[in-house]
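**Q** Encoded as structure tokens, here's the structure I'll be asking about.
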Amino acid sequence: MLTIILAFLAATLAWCGVYYGFEGQHWGWATLAGFAAFIAVTVPITLLVRKRMELIFNAVQAQIIASQEQLRRKVMALQNKMQSGPKFQAQIEKEQADSIREAIAILDDLKPVQKWNLLVLRQCNTFKGQMLFQIKDFESAAPLLDKALVLEPLTLAMQMVLMYKKGDLKKLEKAFYKGTGRFKDEKGTLLYALYSWILVAEDRISEAVPILDEGRKKCESEILEKNWDHLVNGRTKRFSNAAFGEQWFALHLENPPQQKIRAQAPFGGRVSRGGFR
């Protein structure tokens, strides 16, 4: 905001200086001077703000990557000790959530530059909303994602999931059609997969079939093709988006299948159901 104010002030002063400072009142030269002054103020401030944002966002990413790597090593160590189950899963999720919240706190460093660019706050809140959604803090994520910058399908998919959880199916339908109109071809695959899943969950099979029919043709997705075939032939229970992997499970509508933990036999032996071999 301050950038625009200063730029307009500089442009006005430059225009007045040229227009009234020279004989003849040259309108064209005054306008050119005003435009040049506007650019001279806007560009360096914008570049400085962008550099500051990149440094902070990179710090957040580095924090997340470091914490994920540390958590991964801990999970592997615990699995090698044959520790698993709900208590184990809850402990891992808590530690992951704590690390994400620590990373979110770094974004507070962007507050001093928010007054210089109107988009900084929106970008910051979008990033916060995505990370809060990731740790299933949907209540905190909702107001942030509601006004997020939707630059890729995953952010819109998160918004749609929150609409579904609130039971706002009309708003969800509108968001879907708007999103698939914006994200063409394979970029819309996740949106078709999500909306068809919701329709199936709501037992609206007759509506899910044409959605999948449109999606399989536009996105050329084998997964959408298979799900369409299952519904058309009455195999509703075989409908599944699990093949999308992490992209699908990141929406937290279904839990990923748990990996089987195998015991490590001593001295390189192999464990079977009957014991060591």
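**Q** If I ask for residues that are closer than 21 Å to Ala66 by Cα, without any contact (Cβ under 8 Å) to a residue 24 or more places away in the chain and over 14 Å from the mean Cα position of the chain (by Cα), which ones from the stretch 92-150 would you list?
**A** Selection gives Ile92, Lys94, Asp98, Ala105, Asp108.
**Q** Looking only at residues in the stretch 213-236 that are touching an Asp or Glu at 6+ places or on another chain (Cβ under 8 Å) and part of a helix (DSSP H, G or I), which one is surrounded by the fewest Cβ atoms within 10 Å (Cβ to Cβ)?
**A** For the stretch 213-236, the residue satisfying everything is Lys218.
**Q** When you scan the stretch 1-112 for helices (runs of 4 or more DSSP H) that lie fully inside it, which ones turn up with 3 or more residues that are in contact with a helix residue (DSSP H, G or I) (Cβ under 6 Å, 6 or more places away or on another chain) and modelled with pLDDT under 75? Lay out the reasoning, then the answer.
**A** On the way: elements: 2-21, 27-80, 86-106.
Result: 2-21, 27-80.
**Q** Next up: If you take the residues of the stretch 251-276 that are within 25 Å of Asp203 (Cβ to Cβ) and open to solvent by 40 Å² or more (accessible area, probe 1.4 Å), which of them is modelled with the lowest pLDDT? Lay out the reasoning, then the answer.
**A** Let us first name the residues in the stretch 251-276 that are within 25 Å of Asp203 (Cβ to Cβ), namely 251-257.
With open to solvent by 40 Å² or more (accessible area, probe 1.4 Å) added as a condition, the list becomes 252, 254-257.
Details: His252: 94, Glu254: 92, Asn255: 85, Pro256: 82, Pro257: 73.
The residue in question is Pro257.
**Q** Next question, about the same structure. Of all residues in the stretch 151-167 being surrounded by fewer than 14 Cβ atoms within 10 Å (Cβ to Cβ) and either in contact (Cβ under 8 Å) with a residue 40 or more places away in the chain or outside any helix (DSSP H, G or I) (or both), which is farthest from the chain's Cα centre (by Cα)?
**A** My answer is Gly167.
**Q** Are any residues in the stretch 184-212 surrounded by fewer than 20 Cβ atoms within 10 Å (Cβ to Cβ) and either within 16 Å of the chain's Cα centre (by Cα) or of a type in the set (A, V, I, L, M, F, W, C) (or both), and if so, which ones?
**A** Kept after step one, since they are surrounded by fewer than 20 Cβ atoms within 10 Å (Cβ to Cβ), are these residues of the stretch 184-212: 184-187, 201-207, 209-210.
Matches in the stretch 184-212: Lys187, Ala201, Ile205, Val209.
**Q** Now, a different point. Considering only the stretch 241-248, I want to know if a residue exists there that is of a type in the set (S, T, N, Q), without any contact (Cβ under 8 Å) to a residue 60 or more places away in the chain, closer than 25 Å to Ile135 by Cα and open to solvent by less than 40 Å² (accessible area, probe 1.4 Å).
**A** Here is the first cut: in the stretch 241-248, the ones of a type in the set (S, T, N, Q) are 241, 247.
Still in the running and without any contact (Cβ under 8 Å) to a residue 60 or more places away in the chain: 241.
Applying the additional criterion that residues be closer than 25 Å to Ile135 by Cα yields 241.
Add one more test, that the residue is open to solvent by less than 40 Å² (accessible area, probe 1.4 Å), and what stays is 241.
Checking the stretch 241-248: at least one residue is of a type in the set (S, T, N, Q), without any contact (Cβ under 8 Å) to a residue 60 or more places away in the chain, closer than 25 Å to Ile135 by Cα and open to solvent by less than 40 Å² (accessible area, probe 1.4 Å).
The values are calculated or read from the model by the stated rules, or taken from the named source; none is laboratory data. Since the structure is predicted, the reported quantities are computational estimates derived from the model, not experimental observations. Cβ: placed from backbone, ideal geometry, glycine included. Neighbour counts: every protein chain shown. Remember, those area values only see protein heavy atoms, side chains included, never the ligands or the DNA or RNA. Shrake-Rupley method; radii C 1.70, N 1.55, O 1.52, S 1.80 Å.
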